[in-house]
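Trainee: Got a structure for you, written out below as structure tokens; questions coming shortly.
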Amino acid sequence: MSDRGSLLAQPLQRPPAIRVAAYLGLFVLGAVAGTAGALVQAGWFPGGLLLALVGAAGLFVGGARALDTRAGAVAPAAGWMISVVLLTAGRPEGDFLFGAGGGSYLFLLGGMALAVICATLGLGRQPTGGDVRLGN
């Protein structure tokens, strides 16, 4: 009977399959955001670079807020970094997606810095539930 009581006293948690699916979905979204950002940042240079970095930062912070964990920011950041690093590699034919301009380096380094910042920032100490005060 003591096992049943301890189980009932634990807070409700998401099933592991849902959490894994959420992390995989965020990983894929990060890869899509990295690919789209790589194309947009060079197409419309000053505005496209800002749009790509703000979109990536929004995805990282949104993943952390949606799952209430830092791993929610790490999953899309990992997808973003893997897709961007794969896109920087040249092909044997000599084709490449990134140019040697300053915008490409700002996108790479800025996106990686945003990923690290969003993954290491705390979620804050504010409660996410209802009102904290009783009687108000």
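The values are calculated or read from the model by the stated rules, or taken from the named source; none is laboratory data. Everything quoted here is computed from the prediction, not taken from an experiment. Please note: Cβ atoms are built from the backbone with ideal geometry, for glycine as well, and neighbour counts cover all protein chains shown.
Trainee: Could you please tell me which pairs satisfy a Cβ distance under 8 Å, a separation of 6+ or placement on different chains, a first residue in the stretch 72-84 that is over 13 Å from G37 (Cα atoms), and a second residue that is surrounded by fewer than 21 Cβ atoms within 10 Å (Cβ to Cβ) and among the charged types (D, E, K, R)?
Mentor: Note: pairs meeting the criteria are G72/R65.
Trainee: Determine the pairs where a residue that is touching a residue at least 60 places away in the same chain (Cβ under 8 Å), located within the stretch 28-44, has a partner that is crowded, with 18+ Cβ neighbours inside 10 Å and not in a helix (DSSP H, G or I) with Cβ atoms under 8 Å apart, the partner being 6 or more residues away or on another chain.
Mentor: A38/F98; A42/F98
Trainee: Evaluate the stretch 55-62: report whether one residue or more is farther than 19 Å from F107 by Cα, free of Cβ contacts under 8 Å to residues at least 60 places away in the same chain and not aliphatic (A, V, I, L, M).
Mentor: The answer is yes, given that some residue of the stretch 55-62 is farther than 19 Å from F107 by Cα, free of Cβ contacts under 8 Å to residues at least 60 places away in the same chain and not aliphatic (A, V, I, L, M).
Trainee: Test T35 against the stated conditions and say whether it is surrounded by fewer than 18 Cβ atoms within 10 Å (Cβ to Cβ), of a type outside the set (F, W, Y) and not in a helix (DSSP H, G or I).
Mentor: no
Trainee: If you don't mind, another one. When you scan the stretch 84-102, do you find a residue that is in a helix (DSSP H, G or I), at pLDDT 80 or above and under 20 Å from T120 (Cα atoms), even just one?
Mentor: Scanning the stretch 84-102, I find no residue that is in a helix (DSSP H, G or I), at pLDDT 80 or above and under 20 Å from T120 (Cα atoms), so the answer is no.
Trainee: Also: Would you confirm, using the coordinates I've provided, whether G111 is at pLDDT below 85 and either closer than 18 Å to L26 by Cβ or in a helix (DSSP H, G or I) (or both)?
Mentor: Answer is no for this residue.
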